[in-house]
Amino acid sequence: MAFILKLYLIWGVSIFALGLILLYPFFAIIIWSSNEKLLKSTYYFNRLWARFTYFMIFVPVTRIRKAKLNTKASYVFVSNHSSFLDIPAIQLIVNQFVVFLGKRSLATAPLFGWMFRNLHICVDRGNPEKTEEMFRKCLNKLNQGFSIGVFPEGTQNRTPPTLNKFKDGAFIIAIRSQKPVVPITIVTNWKIWPALAPRLSWSPLILVQHEPISTEGMTLNDVATLRDQVKEVIESELKLRYPKEYNL
C-alpha cells in the first residue's frame, strides 16, 4: 500500500508540473503583453490547469455555491488553507480571475515563481513599509475590477480541519476598499495533499462558496468583528462535516 501511495504522489506531482509546463507559454505571453483584459483571461488557463490536475489524479469535484456572484464585480475571497492544491481548488469554484496574496518565498520557486510574482501579490511579513505597499497594490487591483484571494491563516494549516487563528490583512483590505468578502470552505483538500506532507491520498474534493458579506459602511474599527464573522462561516461548514474533530 505504501508503494502505491508513493507512486500516486509521483504521478500527482508530475501531473501538476506538466500542466504548468504546457500552459506556461500562454501565461508568459499574457504577462509580457501587460494587457489588463488579457490578464483577466488567465483565469481560463488557471481553471484548465486545475481541472487537468484533479481529473488526472482521479479526484471528483463537488461545488456548492450558496449565492450567485456577479462575475464583473470585485470581491475579497477568503478561504481556509491546508494544502498545496488550495489555489487551484479555488479556481474551480470562483468564476473569475483572482489575484492571490502569497508568501514572498513563492516568487523564488522555479518557473512558478516568475509567473506568481507577475500575476499575483507577494507578502513581505514583518516589514511595515512593504505591508502598506501590499495594501496599496490590493486596493489598486480591486479598483481595476480584479478580485483578491487571501488565506487568512497565513500559512498552510498543519492541524486541519480545525482552523488556525485568522490574521487581519484580508479584512483590512476588504474594509478599506469597501468590497464584499466571500468566504470559501475547502472541505477536503487536507485529505488529498496535506500541508508539507510527502504523500497524496485519494478523496473527493468538496468546495463551498458562501454568501458574500458586505463591508459597506464599515471602518477599520470593525476589522475584528468582520474577521470573526468570516471565520465562523468557514468553520461552521467544517464543524458540520467533521464533528468528531471539533469534539461536537
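The values are calculated or read from the model by the stated rules, or taken from the named source; none is laboratory data. Quantities reported herein were computed from a predicted structural model and do not represent experimental measurements. Cβ placement follows ideal geometry from the backbone for every residue including glycine, while neighbour counts extend to all protein chains displayed. Each accessible area value is taken on the protein alone, full model and side chains, heavy atoms only, with ligands, DNA and RNA left out. Shrake-Rupley method; radii C 1.70, N 1.55, O 1.52, S 1.80 Å.
Relative contact order, whole percent, for the chain stands at 25, derived from Cα pairs under 8 Å and 6 or more residues apart.
Residue ranking by accessible heavy-atom surface, 1.4 Å probe, largest first, among Phe112, Phe146 comes out as Phe112, Phe146. Working note: 222 nm ellipticity from helices only, DSSP H runs with n ≥ 4, each -39,500 (n - 2.57), summed and divided by the residues of the chain, gives -15500 deg cm²/dmol to the nearest 500. Relative contact order of region 118-225: 22 percent, from C-alpha pairs under 8 Å at least 6 residues apart in sequence.
Of the residues Leu20, Leu111, the one with the largest accessible area comes first in the ranking Leu111, Leu20, computed with a 1.4 Å probe on protein heavy atoms.
So which of Lys6/Lys103; Lys72/Lys239; Lys40/Lys137; Lys72/Lys231; Lys37/Lys141; Lys191/Lys231 end up more than 23 Å apart, counting from Cα to Cα?
Details: Lys6/Lys103 28 Å; Lys72/Lys239 32 Å; Lys40/Lys137 16 Å; Lys72/Lys231 26 Å; Lys37/Lys141 13 Å; Lys191/Lys231 21 Å.
Distance filter (> 23 Å) returns Lys6/Lys103; Lys72/Lys239; Lys72/Lys231.
Other residues with beta-carbon under 14 Å from the beta-carbon of Phe27 carry, at +1 per Lys or Arg and -1 per Asp or Glu, a net charge of +3.
When the surface is traced with a 1.4 Å probe over the full set of protein chains, Phe58 keeps roughly 130 Å² accessible. Each peptide in 4-14, 115-125 receives the mean, over its residues, of other Cβ atoms within 10 Å, and ordering these scores from highest gives 115-125, 4-14. Counting only DSSP beta bridges with both residues in the chain, what percent are antiparallel, rounded to the nearest 5? That works out to approximately 20 percent antiparallel. Pairwise alpha-carbon distances in region 1-123 exceed 26 Å for 23% of all pairs. Ligands, DNA and RNA excluded, the heavy atoms of Glu129 present near 150 Å² of accessible surface to a 1.4 Å solvent probe.
All distinct Cα pairs of region 89-185 go into the 1/r average, and the inverse of that average, the Kirkwood radius, is 14.3 Å. For region 170-217, taking the reciprocal of the average inverse distance between every pair of different Cα atoms yields a Kirkwood hydrodynamic radius of 12.9 Å.
Where Rh is the Kirkwood radius over the Cα pairs of region 137-248, the temperature 37 °C and the viscosity 0.692 mPa s, what D in µm²/s does Stokes-Einstein return?
In µm²/s, the coefficient is 215.
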